[in-house]
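Engineer: To start, I am sharing the structure in question, which I have written as structure tokens.
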Amino acid sequence: MLLTINIGNSSLRFGLFNNNYNLKCNCSWIINSNPHRSLDEYILLFRNIYQQYGIISKLVKNIVIGSVVPPLTNIVEESLYEIHKIRPIIVDRYSYSPIKHYSHQLGTDLYANAIAAYTLYKNNTTLVVDFGTALSLTCVDEYGFLQGVIIAPGVNGSLSALIRNTAQLSQIELKKPSRILGQYTEECIQSGIIYGYLSMVEGLINRINKELKKNCFVIATGGLSHIYTSLTKKIHIKDKLHTIKGLKILFHWNNKNIE
């Protein structure tokens, strides 16, 4: 089996796949990013998760990591090596793939989003809306050219900043409010965060379609994608595993290139 890990600023997403080119994920889980965990703590945590999901570590034959958090990359790599005795492959924007781009600052997660979009929906100009630590929109055309990226503050970050910097506010549950115009403080904030971000995403999709003079096929991914996808017709598919599918595709492209 192939173990994929996407290391983000807020969380680590894991996916377990067969070693062939099938993109069906057998098992997936997520843990919070914590740069203060020791090597031994990560080893124990991973072993406990394997036990919880019934994963037999010796069946994992390959490991691929994509990371936008360099301090976490090495400790996760070393902890997995201690468990599997396999040296993980680290992929980044310089990894071999059919995606054509001109940026030297493209995050691995955005790169993985682009290659998964191109591979899975290659007859379309595709836009990936990632509701992660940051809100990102990554556009790739049917020829594999990266058209560009938009990055905005993430939903959770904006909500946390509002609560942290406002007196007399407790934790707000992130869910769709019963009405647009709130009556109570919690409803008011929920409306601003949910419908405010929804309006931004819909507006950006409209502007991108206008700039490209075509309607993009839109995929939503990331931890909060389920909240927003149900509220708009601008998003065509929700796939929370889209990024780790991209990491699996990058793994196969680079193995092919090495061989």
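Engineer: Volume per residue, Å³, of the convex hull around the alpha-carbon atoms of the chain?
Structural biologist: Working: hull volume 37.4 nm³, N = 259.
Expressed per residue, the convex hull around the Cα atoms of the chain is 144 Å³.
Engineer: Still on this structure: Report the gain in length on full extension from residue 21 to residue 188: 0.36 nm times residue separation, minus Cα-Cα distance, nm rounded to one decimal.
Structural biologist: Taking residue 21 through residue 188 to full extension adds about 55.5 nm, to one decimal.
Engineer: Still on this structure: Enter the accessible area per residue of the stretch 103-148 (Å², integer; probe 1.4 Å; all protein chains in place).
Structural biologist: Numbers: 1580 Å² over 46 residues.
Per-residue accessible area for the stretch 103-148 comes out at 34 Å².
Engineer: At what distance in nm do the modelled label points of residue 48 and residue 181 sit from each other, each positioned 7 Å from its Cα along Cα→Cβ?
Structural biologist: 4.9 nm
Engineer: Suppose R0 equals 25 Å. What FRET efficiency, 1/(1 + (r/R0)^6) with r the Cβ-Cβ distance, do residue 195 and residue 123 give to the nearest 0.05?
Structural biologist: Details: r = 33 Å, r/R0 = 1.31.
Rounded to the nearest 0.05, the efficiency is 0.15.
Engineer: Which chymotrypsin sites (Phe, Trp or Tyr not before Pro) in the stretch 71-156 sit in a loop by DSSP (not H, G, I, E or B) and have at most 14 other Cβ atoms within 10 Å of their own Cβ? Display every interim value, and only then the final one.
Structural biologist: Numbers: sites: 81, 94, 96, 102, 111, 118, 121, 131, 143, 145; in loops: 94, 96, 102, 121, 143.
Taking the stretch 71-156 and a limit of 14 other Cβ atoms within 10 Å, the loop chymotrypsin sites (Phe, Trp or Tyr not before Pro) found are 94, 96, 102, 143.
Engineer: If you don't mind, another one. If you count only protein heavy atoms with a 1.4 Å probe, what accessible area per residue comes out for the stretch 181-224, rounded to a whole Å²?
Structural biologist: That works out to 54 Å² for each residue.
Engineer: Same structure, new question: On C-alpha positions alone, give me the angle between the axis of helix 70-84 and the longest principal axis of the chain, in degrees, nearest 10.
Structural biologist: It works out to around 40 degrees.
Engineer: Could you give the C-alpha radius of gyration of the stretch 7-134 expressed as a fraction of 2.2 N^0.38 Å, taking N as the number of residues it contains? Can you show the working numbers first?
Structural biologist: Numbers: Rg = 15.5 Å, N = 128, 2.2 N^0.38 = 13.9 Å.
Working it through for the stretch 7-134, the quotient is 1.11.
Engineer: Plugging the Kirkwood radius over Cα pairs into Stokes-Einstein for the stretch 87-128, at a temperature of 25 °C and a viscosity of 0.890 mPa s, what D comes out in µm²/s? Walk me through the numbers on the way to the answer.
Structural biologist: Working: Rh = 11.1 Å.
After rounding, the answer is 221 µm²/s.
Engineer: Working out 0.36 nm times the residue gap between residue 33 and residue 82, then minus their Cα-Cα distance, what length gain in nm do you get to one decimal? Write down the numbers at each step before the final one.
Structural biologist: Numbers: separation 49, 0.36 × 49 = 17.64 nm, distance 1.95 nm.
Gain on stretching residue 33 to residue 82: 15.7 nm.
Engineer: For the chain, what does the helix formula give at 222 nm: sum of -39500 (n - 2.57) over DSSP H segments with n ≥ 4, over the residue count, nearest 500 deg cm²/dmol?
Structural biologist: Details: 7 runs with 103 residues, N = 259.
About -13000 deg cm²/dmol.
Engineer: Still on this model: Eigenvalues of the Cα gyration tensor times 5, then square-rooted: what semi-axes does that give for the stretch 112-187, in whole angstrom, largest first? The partial results should precede the final answer.
Structural biologist: Details: eigenvalues 255, 37, 15 Å².
In descending order, the three semi-axes are 36, 14, 9 Å.
Engineer: Can you give the angle from 0 to 90° between the axis of helix 39-53 and the longest principal axis of the chain, with both taken from C-alpha atoms, to the nearest 10?
Structural biologist: 80 degrees
Engineer: With axes computed from alpha carbons, what is the tilt in degrees of helix 155-164 against the longest principal axis of the chain, rounded to the nearest 10 within 0 to 90?
Structural biologist: With rounding to tens, the tilt is 60 degrees.
The values are calculated or read from the model by the stated rules, or taken from the named source; none is laboratory data. As the structure is a prediction and not an experimental result, all values here were calculated from the model. Neighbour counts run over all protein chains shown; Cβ positions are idealised from the backbone, glycine included. To get the accessible areas, we keep the full protein, side chains included, count just its heavy atoms, and leave off ligands, DNA and RNA. Shrake-Rupley method; radii C 1.70, N 1.55, O 1.52, S 1.80 Å.
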